Amino acid sequence: MDRRPTLGNILVAFTVVAVLAACGSSKTTSPTITAHVRIVNASSSTSSLNATSTGSQSLSSGLSFQNTNATATCGTVNSGSQTINFTSGTSTTNIGSVTYNFLPGQNYTIVYYGTNNAVVYPETFTAPATGNMALRFINATGSAGDIYLTTPTGPISGAPTVQNLAAGSVSGFNSSSAPGGIFVSTYPTANTRVRLFNVGATTGNPRADFTIGSMGANRVGTVVLTPAPSGGSTTGFLVNSCAS
């Protein structure tokens, strides 16, 4: 019997190889279909915050005020238009929701300020140079204020680091170029004390006084200033970037 390969056999073999190669490559080039999100509980009246996205993806469960029990890792949400729903404790009553178009592979911080008040902030930043850190500030107190960032014992002098930041706002917000606020990367890592005063004030007790502790490896984070919890004195906390 003649076992020499025919033209038809050769074409079939090449077709099989091409199909297998295509199947193999599809596994390595599959597009990212999720985004990374971190839930932030900035509501002093909500002690146990739950967050779920469309399709009942759990993003937080029993999250304490000021994120004192938050996990180190961020959650994931399907890309595209998604609605994040919030409940408290064991109750199934909705206490707020926010709808947003999440981009695949991108990072987001979602701040819950209170009933029916939640905002999604994209994370867009330039990696800080050695010796510097990139920060943005969120005012989750009840009124506007001036923010000063100093060394732990540094005086309050000169212009505020962030001037007249409104309640429920992020520093450097611009709806087109910086919808998540601006992470300024020129702050020296030695400047770890954050104080919030009434607009125009520089003396007396600050409304918030918080010292930044350890940051993520990329030295990028969001400082959230809040009222003190019931029976406590902490008036701020740091939220690391999902990219840390």
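Readers should treat all values here as calculations from the given coordinates under stated rules, not as data from a laboratory. Being a predicted model, the structure only gives us computed values, none of them experimental. Don't worry about glycine lacking a Cβ; one is built from the backbone with ideal geometry, like all the others, and counts go over all protein chains shown.
Which three extents, in whole angstrom, do the alpha-carbon atoms of the chain cover along their principal axes, largest first?
Projected onto its principal axes, the Cα set of the chain covers 102, 46, 30 Å.
For Thr186 paired with Ser58, estimate the spin-label separation in nm (one decimal), with each label point 7 Å from Cα along the Cα-to-Cβ line.
4.5 nm
With N set to the number of residues, divide the alpha-carbon radius of gyration of the range 32-122 by 2.2 N^0.38 Å and report two decimals.
So the range 32-122 has a normalised radius of gyration of 0.97.
In which sequence would Leu165, Leu59, Leu135 go, from the one with the fewest C-beta neighbours within 10 Å to the one with the most?
With the sparsest Cβ surroundings first, the list reads Leu59, Leu165, Leu135.
In nm, what is the difference between 0.36 nm times the number of residues separating Thr34 and Thr234 and their Cα-Cα distance?
The span from Thr34 to Thr234 would gain 68.6 nm if fully extended.
Could you order the peptides 188-198, 105-115, 210-220 from most to least packed, using the average number of other C-beta atoms within 10 Å per residue?
Listed from highest to lowest mean packing, they are 105-115, 188-198, 210-220.
Among Ile138, Ile33, which comes first, then next, by fewest other beta-carbon atoms within 10 Å?
Ile33, Ile138
Quick check: residue separation of Ser97 and Ser81 times 0.36 nm, minus the Cα distance between them. What number comes out in nm?
So the chain would gain 4.5 nm between Ser97 and Ser81.
Let me have the 222 nm mean residue ellipticity of the chain computed from DSSP H runs of 4+ only, each contributing -39500 (n - 2.57), with the sum over all residues rounded to the nearest 500.
-3000 deg cm²/dmol
For a Förster distance of 45 Å, can you work out the FRET efficiency between the beta-carbons of Thr150 and Ser175, rounded to the nearest 0.05?
So the FRET efficiency works out to roughly 0.90.
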